[in-house]
Amino acid sequence: MPGAIYAEGLVKTFGDVRALDGVDLDVPEGTVLGLLGPNGAGKTTAVRCLTTLLTPDSGRAVVAGIDVLKHPNEVRRSIGLSGQFAAVDEYLTGRENLQMVGQLYQMPARQAKARAAELLDRFSLSDAADRPSKTYSGGMRRRLDLAAALVVSPPVMFMDEPTTGLDPRNRQALWEVIQELVSGGTTLLLTTQYLEEADHLAHDICVIDHGRVIARGTSDQLKAQTGGERVEVVVHDRDRIAAATRILAGFGKGETTVDQHTRKLTVPVTGGAKLLAEVIRELDARGIEIDDIGLRRPTLDDVFISLTGHVAEAEGTNGANGTGADPAAAPAAGGRPAADPAPPDASPAPDAGDRHRKETGR
Ligand SMILES: Nc1ncnc2c1ncn2[C@@H]1O[C@H](COP(=O)(O)OP(=O)(O)O)[C@@H](O)[C@H]1O
Ligand SMILES: [Mg+2]
């Protein structure tokens, strides 16, 4: 029996961009699927197809047991969606927006009021609760949008990059609310660019790139495939990089990547702190001076390097993108600026098509 969210062979093209190129998904009821991928991978397109906002060119989707293409209106009644872009009524206050959502879903007025107050508090919006939401900053609107999606708990929920632009405290609040919903039986598909987040929240992870699923599994399976942790070394002298690379190769479980510019070497390892100590001793014994060394968990980039042999390219002109935990450790994964996402009708980056053409040799 298919899960609460099921898709088979979803294809969606925009001109010559194949945003979705045959995506299959199956999310068992009451679980969380993390759809992980860089900017431009097709995450939003997948969410929009599954939530009836876009019609796929081909393929099949069933959500909450209802055929998405045949009965879109019924699907809409069974799902909740938090978009990547804020969708609140700007003339209403934050509180009114949330109460209105509750009432739309036939919540008794008292309960809608209580739930609104609770969410305003959890997303640090209490002080601004009674101002029209058009006076909110980008980050506040983002939080209000999330809160609006969480007023009721529909059987199936979709959240598109819910934590993009959230500060750590609000991210934590969101994670808690999500966990409550899921323990109440909600099935959730959430998209993210952060492996750490998928790791934290999702039972299963699906990695997509160029509209295709390139890996799927539990976070542990994915990490095993990705080769666990990384040792990262910044070599002091540029002319010792080659020597240091040879040493790291002896400890590594995969290829060592070298960034000549920052003199940073990265290699996947197993063995944790003990191995790190051995690496340090060996570098020291060979007289290789280091500026920095550390052990870190794999990032989305590491997943991409090990799955595809290349980093996830940024689409368009987005700035560098960190992991949140250690932005310096992550090379640009392609991300949007943290705050103030583009308006919903923003046209895609002009070079969006180029990226796909460039990559067709893969
Ligand atoms: N409405 C659209 N018109 C043209 N191209 C689009 C449109 N929406 C998305 N795309 C393109 O489809 C690809 C996937 O986009 P999207 O699903 O938004 O990726 P993600 O959410 O993973 O960042 C990108 O190349 C993007 O530029
Ligand atoms: Mg998106």
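The values are calculated or read from the model by the stated rules, or taken from the named source; none is laboratory data. What you see is a predicted model, and the numbers here were worked out from it, not measured in a lab. For neighbour counting, all protein chains shown are included, and Cβ atoms are generated from backbone atoms with ideal geometry for every residue, glycine included.
Is it true that Gly22 is within 16 Å of ligand 1 (Cβ to nearest atom) and either under 20 Å from Asp160 (Cβ atoms) or aromatic (Phe, Trp, Tyr) (or both)? Quick ask: steps written out before the conclusion?
Numbers: within 16 Å of ligand 1 (Cβ to nearest atom): yes; either under 20 Å from Asp160 (Cβ atoms) or aromatic (Phe, Trp, Tyr) (or both): no.
No: the conditions fail for Gly22.
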For segment 2-20, which positions are away from ligand 2 (no atom under 16 Å from the Cβ) and out of contact with any Leu (no Cβ under 7 Å at 6 or more places or on another chain)? Pro2, Gly3, Ala4, Glu8, Gly9, Thr13, Gly15, Asp16
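Among the residues of segment 44-53, which ones are out of contact with any Asp or Glu (no Cβ under 7 Å at 6 or more places or on another chain) and near ligand 1 (Cβ under 8 Å from one of its atoms)? Don't jump to the end; show me each part of the working.
Here is the first cut: in segment 44-53, the ones out of contact with any Asp or Glu (no Cβ under 7 Å at 6 or more places or on another chain) are 45-46, 48-53.
Residues satisfying the conditions are Thr45, Ala46, Arg48.
With the structure loaded, tell me whether Gly9 is under 20 Å from the mean Cα position of the chain (by Cα) and either of a type outside the set (A, V, I, L, M) or within 16 Å of Met159 (Cα to Cα) (or both) or whether it fails that test. Show your work before the answer.
Details: under 20 Å from the mean Cα position of the chain (by Cα): no; either of a type outside the set (A, V, I, L, M) or within 16 Å of Met159 (Cα to Cα) (or both): yes.
Judged against the criteria, Gly9 is not a match.
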Anything in segment 36-55 that is modelled with pLDDT of 95 or more and more than 16 Å from ligand 2 (Cβ to nearest atom)? List them, or say none. Thr55
Need the failing condition index for Thr308 against (1) modelled with pLDDT of 90 or more; (2) surrounded by fewer than 19 Cβ atoms within 10 Å (Cβ to Cβ); (3) polar (S, T, N, Q), just the number. (1)
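Quick check: anything in segment 5-12 touching a residue at least 40 places away in the same chain (Cβ under 8 Å) and outside any strand (DSSP E or B)? It would help to see each step written out before you state the result.
As a first pass, look at segment 5-12 and keep what is touching a residue at least 40 places away in the same chain (Cβ under 8 Å): 5-12.
Right, trim to outside any strand (DSSP E or B) and you get none.
Scanning segment 5-12, I find no residue that is touching a residue at least 40 places away in the same chain (Cβ under 8 Å) and outside any strand (DSSP E or B), so the answer is no.
Can you name every residue in segment 213-225 that is of a type in the set (Val, Ile, Thr) and within 16 Å of ligand 1 (Cβ to nearest atom)?
Of all residues in segment 213-225, those of a type in the set (Val, Ile, Thr) come to 213-214, 218.
The answer is Val213, Ile214.
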Just wondering, is there one or more residues in segment 103-121 that are within 23 Å of Thr31 (Cβ to Cβ), in contact (Cβ under 8 Å) with a residue 24 or more places away in the chain and surrounded by 15 or more Cβ atoms within 10 Å (Cβ to Cβ)? no
How many residues are surrounded by fewer than 19 Cβ atoms within 10 Å (Cβ to Cβ) and within 16 Å of ligand 1 (Cβ to nearest atom) when one looks only at segment 156-212? 1
Out of everything in segment 56-90 that is at pLDDT below 95 and of a type in the set (Ser, Thr, Tyr), what residue ends up being farthest from ligand 1 (Cβ to nearest atom)? Ser78
Residue satisfying all of: in segment 258-302; of a type in the set (S, T, N, Q) and in contact with an Asp or Glu (Cβ under 9 Å, 6 or more places away or on another chain); nearest to Glu196 (Cα to Cα) among these: Thr299
